[in-house]
Amino acid sequence: MSSQLLASTIINGVLNGGLYGLLGLAIVLVFRTTAVANFAQGELGMFAGFILLMGVLPLDLPLWLSWLITVAVSGVIGGAVYLIMLRPRPNAGHLNMTVRTLGFYTLIYAVSVYAWGALEPYRVPTVFGPETVPVLGFSISYDQLGTVGVTIIMAAAFLLFFRYTQLGLAMRAVAINPEVASLQGINVRRIALSVWLIAGAIGAIVGLLVAPISFLETSLMRPYILKAFTAAIMGGLYSFAGVLVGGVILGVAESFAAVAISIHMREPFVFMVLLLVLLLRPAGILGKVQRGRV
Amino acid sequence: MPGKTSGWAFALIAVAALAIAPLWLGTYPRYVISVWLIFALSAVGLNIPIGLASIYSFGHGGFMLIGAYATGVATISWGWPLLPAMLLAVVIAIAVGALIGLPSLRLTGFSLAIVTFAFGYMLFHVVKAFDLTGGPQGLFMPETALARAWGGRPLYYMVLAIFVVGVFWAHSIATGKTGRALRTLGTNEIVAQSLGINLLRAKMLSFMLSGVYGAVAGSLLALVTTYVAPETYTPELSINMFAAVMIGGSGTLVGPILGALFIVLIPELTQSAQNLSEIIYALIFCLVATLFPSGLLGMAKSAIRRLRPQPVPAAVRE
């Protein structure tokens with residue numbers, strides 16, 4: 001493997017892995033605070049791509065403003081999902097809640113295929129510009145650089161948010177024990193609503209980062225959702241930093257599998273990495289083993 | 001539901017109706033009923049880990065894929081007769097089920113669910129990558145004698161017979177020693193362990209049993225649809241199977257069968273709405289999941305309870 005190929009493989013892996021990690025972050029956040037595995041997390045991102053292209057871009061606003069509007073709209077959608085689909089009958093159990101997200105996943109996909117499926121794929125303009133910069137003999141596009149930059153900024157913002165803001169601390173309290181948190185005066189329902197708002201917004205950011213690199217189509221986020229879940233588990237499900245590390249490891253590993261073994265083995269390889277990590281460290285890369293209680 | 005006399009009577013009438021119906025029905029309704037019975041068989045099997053042991057399996061489509069592809073490859077490429085091919089499918093599914101069950105002790109419910117999901121996803125990509133399995137096009141099954149003779153009714157009866165055997169086996173598993181062990185560990189693992197239940201064995205067994213059901217259903221599906229394509233066995237199939245069990249009512253015998261009817265019939269019924277069909281299906285899916293957490297069966301039971309006159313307390317009667 002030439003050093004050039006090696007470097008581009010690593011960069012591709014880190015790029016994708018950061019996106020898995022970011023999406024995984026939203027999954028972990030929702031899972032920790034509401035104990036729901038959000039299967040619709042990826043489709044929120046796909047839908048955001050279409051909101052941008054079909055709803056916001058025709059308004060002819062500056063591109064960065066269109067981006068922000070789309071992210072906000074997607075956040076509102078996330079909140080609406082919580083209010084409409086998860087708020088009713090809250091005692092139904094976590095498994096039923098997860099089935100509801102599956103229902104929403106089916107719905108949002110069906111609506112997108114109905115509305116836009118016939119003419120896909122679409123080209124989405126990038127905010128970062130089409131230029132490339134030469135680095136060490138190969139070229140990196142502004143797109144890729146921008147994606148890595150946004151991922152790092154988002155991840156840092158997240159970690160700071162949970163450490164230093166009141167809302168972030170309240171979310172962590174709810175994640176650890178909802179009953180104790182509510183006894184301390186935290187409105188658990190409002191926290192759950194804000195968590196879903198954030199999940200919608202993160203979904204949109206990931207969707208808008210992916211859409212210009214590959215073409216926008218209704219199946220855009222299908223490959224991402226499983227890997228985001230995998231990254232979340234590799235990170236131990238309880239650590240925000242662990243998810244990002246898990247995502248990057250996964251991205252680099254699959255990138256190498258595609259180059260070194262075969263492009264067809266890229267997807268099966270994800271499963272092997274997941275199994276390997278779980279066999280060696282069942283509690284995740286940065287996770288602590290939790291003992292069962294009687 | 002069987003166990004009470006009324007339950008057995010209901011089961012007998014249902015089977016009799018399903019046995020007589022194809023004498024009059026045309027090819028298309030028979031095809032739809034066959035597909036329903038196949039999905040119902042698969043869902044009844046998936047109910048073993050989900051409904052009894054509370055182990056969330058999102059990879060059931062993977063077992064159906066194993067069944068379909070093992071049957072397809074063995075009959076087409078190796079020229080095996082049908083029965084050994086189906087046996088091969090079952091044997092592979094048992095081995096794979098054991099393999100998936102292995103890490104189940106070390107993992108929490110959510111992680112295990114994602115491992116099963118990833119398993120189905122991996123198989124979907126593997127069969128697309130190899131020539132033996134027909135690559136992205138898949139395999140075309142040759143028309144069997146079962147489908148040729150008497151307008152294809154023998155195939156229908158074979159599906160019905162296997163379905164009936166499968167449901168009764170599931171009933172005896174659920175009410176027998178295995179079922180009790182699985183329900184105990186589903187409620188509390190530590191209690192189950194203290195009662196002498198081998199957790200690893202029980203969990204592996206639940207995956208192996210659901211694998212057998214999935215594989216048989218998959219190979220029947222290959223026979224009925226006469227074609228094995230990767231697009232049939234996407235991760236969405238696993239999600240739909242999971243939804244079928246949950247929408248019907250997990251932990252019951254009739255629930256998964258009802259749920260399978262839901263996922264097979266609604267897309268067929270709304271076909272005239274063309275592109276809207278998927279949206280209607282998804283909307284009903286969301287409504288049922290949100291409004292009736294205990295599934296269609298729970299919904300029917302509470303409706304019956306409401307219709308029945310409430311017994312008046314003795315004190316009021318006097």
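The values are calculated or read from the model by the stated rules, or taken from the named source; none is laboratory data. These numbers come from a predicted model, not from an experiment. Every residue, glycine among them, receives a Cβ derived from its backbone with ideal geometry; neighbour counts consider all protein chains shown. Protein only, heavy atoms only, side chains kept; ligands, DNA and RNA dropped before computing areas. Shrake-Rupley method; radii C 1.70, N 1.55, O 1.52, S 1.80 Å.
For this structure, a couple of remarks:
- Matching helices (runs of 4 or more DSSP H) fully within segment A:1-84 where at least 1 residues are surrounded by fewer than 24 Cβ atoms within 10 Å (Cβ to Cβ) and of a type in the set (S, T, N, Q): A:3-34, A:63-81
- Condition check for residue B:165: β-branched (Val, Ile, Thr) and surrounded by fewer than 17 Cβ atoms within 10 Å (Cβ to Cβ): yes
- Criterion: in contact (Cβ under 8 Å) with a residue 60 or more places away in the chain, surrounded by fewer than 21 Cβ atoms within 10 Å (Cβ to Cβ), assigned to a helix (DSSP H, G or I) and of a type outside the set (D, E, K, R) - qualifying residue of B:15, B:44, B:96: B:15
- Residue list for segment A:115-126, restricted to those being in contact with a helix residue (DSSP H, G or I) (Cβ under 6 Å, 6 or more places away or on another chain) and either within 14 Å of chain B (Cβ to nearest Cβ) or open to solvent by 50 Å² or more (accessible area, probe 1.4 Å) (or both): A:116
- Segment A:189-237, residues that are open to solvent by 10 Å² or more (accessible area, probe 1.4 Å), away from every other protein chain (no Cβ under 14 Å) and of a type outside the set (A, V, I, L, M): A:189, A:190, A:194, A:212, A:214, A:215, A:217
- Scan of segment B:269-306 for residues that are exposed (fewer than 15 other Cβ atoms within 10 Å of the Cβ), aliphatic (A, V, I, L, M) and within 10 Å of another protein chain (Cβ to nearest Cβ), ordered by number: B:276, B:287, B:291
- Put simply, of B:156, B:121 the only residue that is assigned to a helix (DSSP H, G or I), within 14 Å of another protein chain (Cβ to nearest Cβ) and either under 23 Å from residue B:60 (Cβ atoms) or modelled with pLDDT of 85 or more (or both) is B:121.
- Residue-level check: of (1) open to solvent by 20 Å² or more (accessible area, probe 1.4 Å); (2) part of a helix (DSSP H, G or I); (3) among the aliphatic types (A, V, I, L, M), residue B:25 misses just (2).
- Taken together, A:256, A:269 contain a single residue that is open to solvent by 10 Å² or more (accessible area, probe 1.4 Å), within 10 Å of chain B (Cβ to nearest Cβ) and more than 25 Å from residue A:36 (Cα to Cα), which is A:269.
- Residue within segment B:43-63 that is in contact with a helix residue (DSSP H, G or I) (Cβ under 9 Å, 6 or more places away or on another chain), away from chain A (no Cβ under 13 Å) and among the β-branched types (Val, Ile, Thr) present: yes
- Qualifying position, being under 20 Å from residue B:89 (Cβ atoms) and open to solvent by less than 20 Å² (accessible area, probe 1.4 Å), among B:155, B:112: B:155
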